[in-house]
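Working notes, structure below.
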Amino acid sequence: MLKLVSKRCKGCGICANFCPKKVLEITEVGKCAIIPGKEDDCIQCGQCELRCPDYAIFVEKDK
Amino acid sequence: MSIKLLQGNQAVVEGAIAAGVKFYGGYPITPSTEIAEQLAARLPQVGGKFMQTEDELAGIGAVIGASMGGKKAMTATSGPGFSLKQELLGLACTAEIPIVVVDVQRVGPATGQPTSPAQGEVMMTRWGTHGDHWVIVVSPVSVPECFWLTIRAVNLAEKYRVPVIILMDEVVGHMREKIELPDDYSTIETVDRKRPDCAPEDYLAYGTKGDDLVPPMADFGSGYRWHVTGLIHDETGFPKGTPDATLQSLNRLHDKIYKNLDDIVTFENYKTDDADYVIVSFGGAARTAYDTVDMARKEGLKVGLFRAITLWPFPEKQVQELASRVQGILVHELNYGQYVLEVERVVAGKCPVWLYGKYDNSSAAPKQLLDELKKHLGR
Amino acid sequence: MGMEQLLEKYFRPGRLPHIWCPGCGHGIITGAIVKAVDKLGLSKDEVAVISGIGCSSRASGYLDFNTANTLHGRALPIASGLKMANPKLKVIVPSGDGDAAAIGGNHLIHAARRNIDLTLIVYNNSIYGMTGGQYSPLTPKGSKATTAPYLTIEPAFNLLDLAKAAGATFVARSTTFHVQNMVDVIAKAIEHKGFSIVECVTGCPTNFGRQNKIGSAPKMIEWQRDHGVMIGAWNRMDDETRAKALADGKFPIGVLYENNDVQEYTEAYDELIKRAQGGK
């Protein structure tokens, strides 16, 4: 599961760019979001969290 | 007590050791170099550390860092180096890091005349760094006073968390005089900065209580994690540049000094009780004035000497009191006229204020100073 | 520990979001420092973070260590004094390319020469960010900057070669693409007893990328991906290949140099104290 902290997101697009499954996008309001319908495509690889300069996206591993 | 023949700069070194200084960072510069040389030998003997830094900025920088680490720390320099240190001096002011800076003045500006006496940094010590700030400046007149005033400077820095500048001149720094040194420095009264006694989570780096305007300071690494910044900050220590926060911060930096003038300001009155005329002087220039006073008195002129030991904050109350009962004040300093401006401001026309500013790379002889005074008296 | 837990543990509460621009890599580097500290299991009380002035230098304020955001260029002398006062502290110095290589360049070579145990992390974004895009000593020659409207004519330092020549005993480079590598080399740099420098190549989309038409933040990180070559692979290149790689603007990353045979400064000073006290 991805946890997005929208108030910290500055919409740089790094997460979306490096997401291997193209799950993420930057919305019209300039924030990162999961593309509707792609929720289940996330493979929890952590590439987004790894390079998010704003600490605004975390992978919460499924239990 | 043991009697020694020491140079002024050497007496500063012994004063620093006696005061508990454990770190020196600095760059060699005439006429202050002996301080660095002797501390390089003395500090390790007492478990302290000496660093010859790559430049003047690194010297005072390392001193600030060492003080943050909990050590009493000082540097020494002369005019050119003192110019370079100004920005870091401002950091020590705003971040309230206790440090001592010795400035053994030479003739300026620029390289000037390295081994000749001058007192051209009187205003610079007060106003050198940019922005409103407040410091304490003391100026010794003799070798023994170099020793005791260095201890006092360290104590004041620790007590008020402020940079204290020991403003010397080539005369006082380089001359040799007899001095009685205590055999056991541990009998000398020293002051350590207040450290927090609250729980670390309750520590407010710049929080004060009641009338005590000096916040306790935790050593880096002691379990109280706090933030030092050169930005305007609030009591948490973190940047806050609102008009209110700025006012509060600057007012406290001012008030912690200026509400304690009786504790900070020291001076010497030599035969001023019945004086009709008073010479106001300090440091090396004042050495001339004792003899001038005595010579004048032999001629029937009731002259006294008011010697500022604390140059800044200015001994305002004391000079005002003198101005109210004497017929004239002659300011003697080794420059074109700096301290006289403050004397004039404070005297505010209550009596005439004259200047004998000597700026020819040499000290005045007592007779010269007396002649200057007599010139103003029409005698 | 994930970044969310690391934030909780090592960042000061209430100080985020940070001031850095969208896509600025400084947050990635600051995160890597925290991950390295965590990896080493250091207590927060034994870590000091001393910075100068510039975008990178704001890092100190976010971190729950013993921290200082001092003056432009002066972090290393202040850190040196602190280290001398308390050699037990692990002193980390986040610095920008202007802070470390220009106004503080003299301090850099002398801290390296002394081999004092500090860890200098150079956030190299090739530009002065905070003042709005002026060229730095690490701006590649031929770049555009607000103070180089006709392109820079000054060559850039190779900062790591400079530090090594001056006496640094641990020299490493990484990029904000190679985050795991960055954490690894920063941890090694902190552990190293002596002066260590880690150049972290990062992007300034606002003030470097835009002027030089490199594109968005992701494009800048892709550039790092395509130009940073792991030191092992770099060393395996034959001379001709390496020359071509250099000509293409590629650079080695990882630990480039380590020397554990040089005495550290504060340790040397402790021996000096013993000598001064008569060899007790």
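The values are calculated or read from the model by the stated rules, or taken from the named source; none is laboratory data. Model, not experiment: these values are computed from the prediction. Methodologically, a virtual Cβ is constructed for each residue, glycine included, from the backbone with ideal geometry; neighbour enumeration extends over all protein chains shown.
Here is a yes/no grid of residues against (1) under 16 Å from residue B:30 (Cβ atoms); (2) crowded, with 24+ Cβ neighbours inside 10 Å:
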| position | (1), (2) |
| --- | --- |
| B:65 | no, yes |
| B:70 | no, no |
| B:77 | yes, yes |
| B:80 | yes, no |
| B:93 | no, no |
| B:100 | no, yes |
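Within the stretch B:344-352, at least one residue is touching a residue at least 24 places away in the same chain (Cβ under 8 Å), of a type outside the set (Ser, Thr, Tyr), within 20 Å of residue B:311 (Cα to Cα) and surrounded by 14 or more Cβ atoms within 10 Å (Cβ to Cβ). The residue that is nearest to residue B:315 (Cα to Cα), counting only those in the stretch B:341-379 that are of a type in the set (Ser, Thr, Tyr) and out of contact with any helix residue (DSSP H, G or I) (no Cβ under 7 Å at 6 or more places or on another chain), is B:359.
Residue-by-condition table, conditions (1) modelled with pLDDT under 95; (2) farther than 30 Å from residue B:48 by Cα; (3) hydroxyl-bearing (Ser, Thr, Tyr); (4) part of a loop (DSSP other than H, G, I, E, B):
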{"residue": "C:187", "(1), (2), (3), (4)": "no, yes, no, no"}
{"residue": "C:211", "(1), (2), (3), (4)": "yes, yes, no, yes"}
{"residue": "C:215", "(1), (2), (3), (4)": "yes, yes, no, yes"}
{"residue": "C:255", "(1), (2), (3), (4)": "no, yes, no, no"}
{"residue": "C:260", "(1), (2), (3), (4)": "no, no, no, yes"}
{"residue": "C:268", "(1), (2), (3), (4)": "no, no, no, no"}
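Within the stretch B:285-306, being in contact with a Ser or Thr (Cβ under 6 Å, 6 or more places away or on another chain) and surrounded by fewer than 24 Cβ atoms within 10 Å (Cβ to Cβ) holds for one residue alone: B:304.
Considering only residues that are free of Cβ contacts under 8 Å to residues at least 60 places away in the same chain and assigned to a loop (DSSP other than H, G, I, E, B), look in the stretch B:30-64 and name the one that is nearest to the other protein chains (Cβ to nearest Cβ). Steps first, answer last, please.
Filtering the stretch B:30-64 down to residues free of Cβ contacts under 8 Å to residues at least 60 places away in the same chain leaves B:33, B:36-64.
If we keep only those that are assigned to a loop (DSSP other than H, G, I, E, B) too, we end up with B:46-48, B:53-55.
Numbers: B:46: 9, B:47: 6, B:48: 8, B:53: 6, B:54: 4, B:55: 6 Å.
Of everything passing the filter in the stretch B:30-64, B:54 is nearest to the other protein chains (Cβ to nearest Cβ).
Among the conditions (1) buried (at least 24 other Cβ atoms within 10 Å of the Cβ); (2) in contact (Cβ under 8 Å) with a residue 12 or more places away in the chain; (3) part of a helix (DSSP H, G or I), the only one that residue C:27 does not satisfy is (2). Scanning the stretch B:124-138 for residues that are surrounded by fewer than 16 Cβ atoms within 10 Å (Cβ to Cβ) and not acidic (Asp, Glu), which turns out farthest from residue B:261 (Cα to Cα)? Only one residue fits best here, namely B:130. Return the residues of the stretch C:115-157 that are assigned to a strand (DSSP E or B) and closer than 27 Å to residue C:168 by Cα; say none if nothing qualifies. Matches in the stretch C:115-157: C:118, C:119, C:120, C:121, C:122, C:123, C:124, C:128. Counting just the residues of the stretch B:196-251 that are more than 14 Å from every other protein chain (Cβ to nearest Cβ) and of a type in the set (D, E, K, R), which one comes out nearest to residue B:131 (Cα to Cα)? Ranking the candidates gives B:244 first.
Only strands (runs of 3 or more DSSP E) wholly contained in the stretch B:246-332 count here; list those with 1 or more residues that are within 26 Å of the chain's Cα centre (by Cα) and farther than 19 Å from residue B:345 by Cα.
Once the strands (runs of 3 or more DSSP E) in the stretch B:246-332 are filtered for at least 1 residues that are within 26 Å of the chain's Cα centre (by Cα) and farther than 19 Å from residue B:345 by Cα, what remains is B:267-270, B:303-308.
Each residue in the stretch A:1-29 was checked for being more than 8 Å from chain C (Cβ to nearest Cβ) and in a loop (DSSP other than H, G, I, E, B), and 12 of them qualify. Of the residues that sit in the stretch B:156-173 and are within 14 Å of residue B:141 (Cβ to Cβ) and either surrounded by fewer than 24 Cβ atoms within 10 Å (Cβ to Cβ) or among the β-branched types (Val, Ile, Thr) (or both), which one is nearest to the chain's Cα centre (by Cα)? Among them, the one singled out is B:166.
Could you list all residues from the stretch C:72-95 that are at the interface with chain B (Cβ under 7 Å from one of its Cβ atoms) and over 17 Å from the mean Cα position of the chain (by Cα)?
Within the stretch C:72-95, C:81, C:82, C:84, C:85, C:86, C:88, C:89 qualify.
Screening residue C:203 against (1) outside any helix (DSSP H, G or I); (2) away from chain A (no Cβ under 14 Å); (3) modelled with pLDDT of 95 or more leaves a single unmet condition, (2). Would you tally the residues in the stretch A:31-63 being at the interface with chain C (Cβ under 10 Å from one of its Cβ atoms) and not in a strand (DSSP E or B)? The number of residues fulfilling the criteria is 12. None of B:264, B:188 is away from chain C (no Cβ under 14 Å), surrounded by 15 or more Cβ atoms within 10 Å (Cβ to Cβ) and closer than 20 Å to residue B:129 by Cβ except B:264.
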